[in-house]
């Protein structure tokens with residue numbers, strides 16, 4: 001079994017009290033931030049689908065990138081497989097890539 005926060009091998013859900021507290025903080029932040037995350041993602045998708053402008057892709061990618069960087073929430077299956085810490089890193093990397101593509105696409109329009 002792996003620690004749900006850091007991913008280290010352990011006999012319990014968490015390898016230490018510190019990991020358990022950090023995981024509880026993550027889940028609390030997820031409950032508070034998920035509505036904002038969802039609204040920003042829907043706005044970004046709506047812009048990409050409905051706004052008729054050459055900058056719609058740029059704006060959508062920038063919004064989605066910032067959304068994933070600020071709110072690095074992932075699915076429970078990703079957390080079980082990798083741990084919260086690594087899944088947050090993965091989400092932020094994906095957000096950074098989307099942000100980078102959004103900024104680069106601005107200069108090619």
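General observations
- Residue ID - modelled with the lowest pLDDT, chosen from residues in region 1-58 that are buried (at least 17 other Cβ atoms within 10 Å of the Cβ) and assigned to a loop (DSSP other than H, G, I, E, B): 7
- Matching entry among 2, 22 (being closer than 21 Å to residue 72 by Cα and touching a strand residue (DSSP E or B) at 6+ places or on another chain (Cβ under 7 Å)): 2
- Any hit, region 58-75, residues being over 30 Å from residue 107 (Cα atoms) and in contact (Cβ under 8 Å) with a residue 60 or more places away in the chain: no
- Checked against the criteria, residue 79 counts as in a helix (DSSP H, G or I), touching a residue at least 60 places away in the same chain (Cβ under 8 Å), touching a helix residue (DSSP H, G or I) at 6+ places or on another chain (Cβ under 6 Å) and within 30 Å of residue 10 (Cα to Cα).
The values are calculated or read from the model by the stated rules, or taken from the named source; none is laboratory data. Everything numeric here is computed off the predicted structure, so don't read it as measured data. Note that we place each Cβ from the backbone using ideal geometry, even for glycine, and neighbour counts take in every protein chain shown.
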